[in-house]
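I'd like to ask some things about the structure below.
Rule-based calculations on the coordinates, nothing more; no lab input. Because the structure is a prediction, the values reported are computed rather than measured. Ideal geometry is used to build each Cβ from the backbone, glycine not excepted, and the neighbour counts take in all protein chains shown.
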Amino acid sequence: MEVIQTLKEFIEKRSKFNNKSIGLVPTMGNLHRGHLSLVTESLRNNHLTIITIFVNPKQFGAHEDLDKYPRTLTQDCSQIERISLDFPEKEVIIFAAKSVCEIYPVGFDTSISVGKITKILCGKNRPTHFSGVTTVVYQLFQITKPDTAYFGLKDFQQFKVISKMVQDLLIPVKLKALPIVRDDSGLALSSRNQYLTPEHKLLALVLPATLKRLKDIIIEQGLANALALKKDQLNEKKWDYIEILRQDDLQTPDSKDKSLIILGALTIGTTRLIDNLLVEL
């Protein structure tokens, strides 16, 4: 395992693997078991796994938590190293840019934006968020040139946005999505969970519990009944949104659709949490 912090050194190292399969796990660090499941999957299937650790300022809004977002590089490297010991024949590079300029050169003035799908759900109240995500992911794809990039499905909308960018811009990378990893209580793992007090963690369980209840109602009673319950839940102010949509395009489903997704976002204290459940009928 090697930790690299400058673009120049990374490019030199990356050039030695042009004839090997390369997997990319893009992260903002503060790794948990969800991130590590992506690293493990890449190690299983590629000669070289690249983990990028970069807290991307472009995807944070003006009053969001960029400054206090946890930065735990030493701990992150230790966790990755422990996993890599199970794959002694594989190579691992951690690209942890030492400054923003390693990703966005001085004078950088370009934005990659996807249209319709970014205007709903998390994009509705965070208008610059997804352009920040797609811009950094595009940069990381250009820098690392992976064969496959690995993402977790907790950020389902983000995965669909990146998929649309890859499709539209003909980017030669395969995207692989892995299931949500949850703690023993059922809460989806997130780096922001550590902001929650013990009391807030209990309150946060309403998110996965509500999504599970809606899924059960869809399966047992039909979509119309679940939509009625969703409307009742939205009367509670803590919810940013609850939606039941089609999986493929995140649009309103009809009675013929069989692959659905229930997505929710709520704020507990000052911490915004998201989650989703897939429904196959």
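Would you calculate a helix-derived [θ] at 222 nm for the chain, using -39,500 (n - 2.57) for each DSSP H run of n ≥ 4 and dividing by the full residue count, to the nearest 500?
Value at 222 nm, helices only, nearest 500: -10500 deg cm²/dmol.
Still on this structure: Exceeding 24 Å between C-alpha atoms, which entries from my cross-link table qualify? They are LYS124/LYS230; LYS98/LYS124; LYS174/LYS215.
In this structure, LYS98/LYS124; LYS174/LYS215 lie more than 24 Å apart at Cα.
Please give the direction-averaged projected area of the C-alpha convex hull for the stretch 87-157, in square nanometres with one decimal.
With every direction weighted equally, the projected area is 6.8 nm².
Let me ask something else about it. Might you report the magnitude of the Cβ-based charge dipole of the chain about its Cα centre, with Lys and Arg at +1 and Asp and Glu at -1, to the nearest 20 debye?
The calculation lands at about 280 debye.
Expressed as a rounded percentage, what relative contact order does the stretch 213-281 have, with Cα pairs under 8 Å and six or more residues apart?
Averaging sequence separation for qualifying contacts and normalising by length gives 26 percent for the stretch 213-281.
Find the eigenvalues of the gyration tensor of the Cα atoms of the stretch 191-276, then list the square roots of 5 times those eigenvalues as equivalent ellipsoid semi-axes, largest first, in whole angstrom.
They are 25, 13, 11 Å, listed largest first.
Putting +1 on Lys and Arg Cβ atoms and -1 on Asp and Glu Cβ atoms, find which of LEU178, LEU250, ILE50 reaches farthest to the positive end of the dipole of the chain.
After comparing all options, I get LEU250.
Okay, next question. Under 8 Å for C-alpha pairs, at least 6 residues apart: give me the relative contact order for the stretch 124-256, rounded to a whole percent.
Computed value for the stretch 124-256: 15 percent relative contact order.
If neighbour count is taken as other Cβ atoms inside 10 Å, put VAL181, VAL39 in order from fewest to most.
VAL181, VAL39
Moving on. For LYS201, go through the aspartates and glutamates and keep the ones whose alpha-carbon is under 16 Å away, minus same-chain ones fewer than eight residues off.
ASP183, ASP184, ASP275
Same structure, new question: For the chain, take the convex hull of the Cα atoms, compute a quarter of its surface area, and give me that in nm², please.
Dividing the Cα hull surface by four gives the mean projection, 15.5 nm².
Taking the number of other C-beta atoms within 10 Å as the exposure measure, put ILE112, ILE53 in order starting with the fewest.
Ranked by crowding around the Cβ, least crowded first: ILE112, ILE53.
Give me the number: length gained by fully extending THR270 to HIS47, i.e. 0.36 nm times residue separation minus the C-alpha to C-alpha distance, one decimal in nm.
76.1 nm
Please state the charge dipole magnitude for the stretch 200-242, taken about the Cα centre, from unit charges on C-beta atoms (+1 on K and R, -1 on D and E), reported in debye and rounded to the nearest 20.
Computed about the Cα centre, the dipole is about 140 debye.
Which residues does the label zone of ALA209 cover in the stretch 171-193, counting backbone N under 13 Å from a point 7 Å along Cα→Cβ?
Those under the cut-off are 185-187.
If you don't mind, there's one more thing I want to ask. Over the stretch 53-209, what is the relative contact order in percent, taking alpha-carbon pairs closer than 8 angstrom and at least six residues apart?
In percent, rounded to a whole number, it is 21.
Helix 206-221: angle to the longest alpha-carbon principal axis of the chain, degrees 0 to 90, nearest 10?
Relative to the chain, helix 206-221 is tipped by roughly 60 degrees.
Here's something else I'd like to know. Compute the distance from the alpha-carbon center of the stretch 17-39 to that of the stretch 47-124, in whole Å.
Centre-to-centre (Cα) distance: 10 Å.
Tell me the Kirkwood hydrodynamic radius of the stretch 13-166 in angstroms, computed as one over the mean inverse distance between distinct C-alpha pairs.
16.3 Å
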